[in-house]
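The next block holds one structure in the form of structure tokens; read it before the comments.
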Amino acid sequence: MRRATRVAIAQAIFGCDVLAEKTRPGRDQGPRFTAPKRSRVKPGAGDLMGTFKVTLANRDNAQIEVDARRPLLDSLRDHGIDLPYGCQYGGCITCAAKLTAGEVTQNRQVALNNRQINYGYIILCVARPVTDITLEIGVESHDKLYRNPFLDPLKAHELKADIATPQED
Amino acid sequence: MECCGPGYASPADAIKAPREKLLYTIAIYTGTGIQKPDYLATVDVDPESPTYSQVIHRLEMPGIGDELHHMGWNACSSCFDDSSMSRRYLLLPGVRSNTIHVVDTATDPRAPRLHKVIDGAEIKSKTNLSGPHTVHCLGSEIIISMLGDAMGEAPGGYLHLNKDFEIMGRWEASMGDIPFGYDFWYQPRHNVMVSSEWAAPNTFMPGFDLEEVGHLKYGRRLHIWDFEARKPVETMYLGEDGLIPLEVKFHHNPDSTHGFCGAALSANVIHFWKGEDGWQWEKIIDVENEPHPEWPIPVPGVMSAILVSMDDKYLYLNNWLHGDMRQYDITDPHNPVLTGQVYMGGLLGKAPVVNGVEMAGGPQMFQLSLDGRRLYVTTSLFSTWDNQFYPQIREKGGVMVQIDCDPVHGGMAINPDFIVDFGQEPNGPSRCHEARYPGGDCTSDIWL
């Protein structure tokens, strides 16, 4: 690839020169995009019992009770819902699902960029419910998970949390 | 001849080996939505056979979601003098599960069977490594590049197995200041290993964000190792010419110091060699980006693999997004000459159908016969990246194509009689990636 084209790609897509060596911003340098409201802990109806209700929108709205302390992937498997997974530490995106109602905490996930999080994606192997929730599960829920990175670039605030910059209003 | 362990006495002997009749390729369901294990497919490549150009056996892995990717033999020509060794076991790592499957291909080559499973969790706990990629034998032992630590952060390191596939620990004495791992190749007569850089598993496994290249989450360096001391001693910073340097191949000639690397995003071939002033590198092939009516910018080739023929005369490369396979005469490694090019799939619309099969994907991984005449090419890269660039592969599956190559005068042509459509697999469309031949191939053997 010629340098001129490469620079054009870089500038067209993220307004900087991809070729420039840059200091990697440290986690404590300046403000970072904060993960969305979903990471806020909000006591739910089932909280006192340590369980929450999970509705599976694309499984005929089947409902199961899950332990608030267990990752959703494990709870689903306990109920016979066997979903694809890989790393089991929140890094590989295989077990992504879409949260359409309620809130979860998933502080350990490192696979999702902020755009995916804003679409509602969660990583089941590390996510735990903090309210009753509704999920779409399986690859059927991945309609907005993948995008052509050249045709549909991310804005600076849509990158993964460790490199995102805050959105300017 | 007094004899002999696995492989061949020399590259020249390997070229004279009998023609391959079977090949093995991995096929994945990971990321496809089909809740089935990935598997090792045996493909009949004997034109005299009634099942020619068909999958004749499928060995399913015990778990689901491994993401099988690359493979490697337990032994190669580096053990040619060791009659206690044989090229019998094929190692199939799962990039996502971290589990390594050891498959016995010798008892019944047409129907390989599972010999041993090295549990991914055990590898993590004993070595703090994950994300297995390239497998090379090392005399009678095996090393595997692991792209991350147990939590998927770079740089990872090298897993060392003994000949009974027991975990010896980490192979390397030090990773030095290497930021990322990926592929590696070694040339023992020069006490050298060269390694390349992809990214941390946590970066590449979820998919490709172009912006992360600018944030230095993808590699742009090659590393020269002191092979015996097992530590990196020199870095070649490739910069803009070498964005995401992936496959590394030395000449097969064990006396040569010339080697090559394909930089995927820059779509360049880097040539490196040891000169009078030490290790040097240069860019020898630069694939131009191509315009596309629907793209705001020209499409980069994405050169994800390269291969050197056994006689060291030709270098083959793919452009996954453009859709072409190329053959270069590298008799003079400083001045390659384009001698062949064919299209199969790709985004440029130059060959949407090959031998009656609609292509969802472009040329991706390939394996060349020892005599240099048959190049088997598959179309899937990595499940999440496939889903980004070729989403229709989910319904259509991967394809294996045979390209006939002229090793004397140069030239390539799609073989009209061969095509394996993994879209027609019994459990639904799967995706094929790396291929290996039972008798050894052009990316496995190293001579001491």
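Read-outs throughout are calculated quantities, based only on the coordinates presented, and are distinct from any laboratory measurement. The structure displayed is predicted, hence computed values, not measured ones. So basically every Cβ, Gly included, is an ideal-geometry build from the backbone, and we count neighbours across all protein chains shown.
Go from 0 up to the bin containing the longest alpha carbon distance in segment B:256-390, width 5 Å each, and give me the % of pairs per bin.
Spelled out bin by bin, segment B:256-390 gives 2, 10, 19, 22, 20, 13, 8, 4, 2, 0, 0 percent.
If I model a spin label as a point 7 Å beyond the Cα along the Cα-Cβ vector, how far apart are those points for residue B:392 and residue B:177 in nm?
4.8 nm
What percent do you get for the relative contact order of chain B when only Cα pairs under 8 Å and 6+ apart count?
Relative contact order for chain B comes out at 13 percent.
Report the dimensions of segment B:358-415 along its three principal axes from the alpha-carbon atoms, largest first, rounded to Å.
If we take the Cα atoms of segment B:358-415, the spans are 39, 19, 13 Å.
Between segment B:379-398 and segment A:80-122, how many Å separate their Cα centres?
21 Å
Where the centre of each part is set by its Cα atoms, how far does segment B:140-196 sit from segment B:239-272, in angstrom?
Measuring centre to centre over Cα atoms gives 18 Å.
What is the ratio of the Cα radius of gyration of chain B to 2.2 N^0.38 Å, with N the residue count, to two decimals?
In units of the globular-protein estimate, chain B measures up at 0.89.
Past 25 Å, Cα to Cα, is the threshold; run B:16/B:116; B:126/B:274; B:116/B:231; B:36/B:350; B:16/B:313 against it and keep the listed order.
Exceeds cut-off: B:16/B:116; B:126/B:274; B:116/B:231; B:36/B:350.
What is the magnitude of the charge dipole of the protein assembly as shown about its Cα centre, with +1 placed on the Cβ of each Lys and Arg, -1 on the Cβ of each Asp and Glu, and no other charges, expressed in debye to the nearest 20?
1480 debye
If each residue's Cβ is checked for other Cβ atoms within 10 Å, how do A:123, B:118, A:93 rank with the fewest at the top?
In increasing order of surrounding Cβ atoms, one gets B:118, A:93, A:123.
Under 13 Å from the 7 Å Cα→Cβ point of residue B:51, by amide nitrogen: which residues of segment B:99-125?
Residues passing the 13 Å test: B:108-112.
Give me the one-decimal nm value for the distance between modelled label points at residue B:9 and residue B:408, 7 Å along each residue's Cα-to-Cβ direction.
It works out to 2.5 nm between the two label points.
Remind me, relative contact order of segment B:143-237 in percent, using alpha carbon pairs under 8 angstrom and six or more residues apart?
Averaging sequence separation for qualifying contacts and normalising by length gives 25 percent for segment B:143-237.
Return a whole-number percent for the relative contact order of segment B:300-448, with Cα pairs under 8 Å and 6 or more residues apart as the contact set.
Relative contact order here is 20 percent.
Subtracting the Cα-Cα distance from 0.36 nm times the residue separation, let me have the gained length for residue B:331 to residue B:286 in nm, one decimal.
Details: separation 45, 0.36 × 45 = 16.20 nm, distance 1.79 nm.
That pair, residue B:331 and residue B:286, stretches by 14.4 nm at full extension.
Using a cut-off of 13 Å between beta-carbons, work out the net charge of the residues near residue A:153 (Lys and Arg +1, Asp and Glu -1, residue A:153 not included).
That works out to -2.
List B:447, B:225 from most exposed to least, where exposure is judged by having the fewest other Cβ atoms within 10 Å.
Neighbour counts put them in this order, fewest first: B:447, B:225.
Please go through the residue pairs A:144/B:396; B:217/B:249; B:163/B:283 and name each one whose alpha carbons sit more than 30 Å apart in this structure.
The pairs that break the limit, which is 30 Å between Cα atoms, are B:163/B:283.
Can you tell which of B:114, B:242, B:297 lies farthest toward the positive end of the dipole of the protein assembly as shown, using +1 and -1 charges on the Cβ of basic and acidic side chains (Lys, Arg; Asp, Glu)?
B:297
Tell me which of B:92, B:188, B:440 sits at the most positive position along the dipole axis of chain B, charges placed on C-beta atoms (Lys, Arg +1; Asp, Glu -1).
Sorting the options by dipole projection puts first B:92.
Run down the aspartates and glutamates and flag those whose C-alpha is under 12 Å from the C-alpha of residue B:21, throwing out any fewer than 8 positions away in its chain.
B:44, B:46, B:48
What Rg and what Dmax come out for segment B:95-208 when only alpha-carbon atoms are used, in angstroms?
For segment B:95-208, the Cα radius of gyration and maximum Cα-Cα distance read 14.5, 45 Å.
Tell me the label-point distance for the pair residue B:108, residue A:63, using the 7 Å Cα-to-Cβ offset, in nm and rounded to one decimal.
Here the answer is 5.2 nm between the modelled labels.
Quantify how strongly other chains surround peptide A:140-149 by giving the mean number of their Cβ atoms within 10 Å of each of its Cβ atoms.
Average neighbour count from other chains, rounded to a whole number: 5.
Helix-only estimate, please: 222 nm mean residue ellipticity of the protein assembly as shown, summing -39500 (n - 2.57) across DSSP H runs of length 4 or more and dividing by its residues, to the nearest 500.
Calculated from helices alone, the mean residue ellipticity at 222 nm is -2000 deg cm²/dmol.
Work out which trypsin sites (Lys or Arg not before Pro) in chain B are exposed loop sites (DSSP not H, G, I, E or B, at most 14 other Cβ within 10 Å) and give the longest gap free of them.
B:111-349
What percent of all Cα-Cα pairs in the protein assembly as shown falls into each 20 Å bin, going from 0 up to the bin containing the maximum distance?
20, 56, 22, 2, 0
Once amide H atoms are built 1.01 Å from N in the peptide plane, which residues 5 or more positions from residue B:267, or in another chain, come under 5 Å H to H?
Amide H neighbours of residue B:267, under 5 Å, 5+ apart: B:302, B:303.
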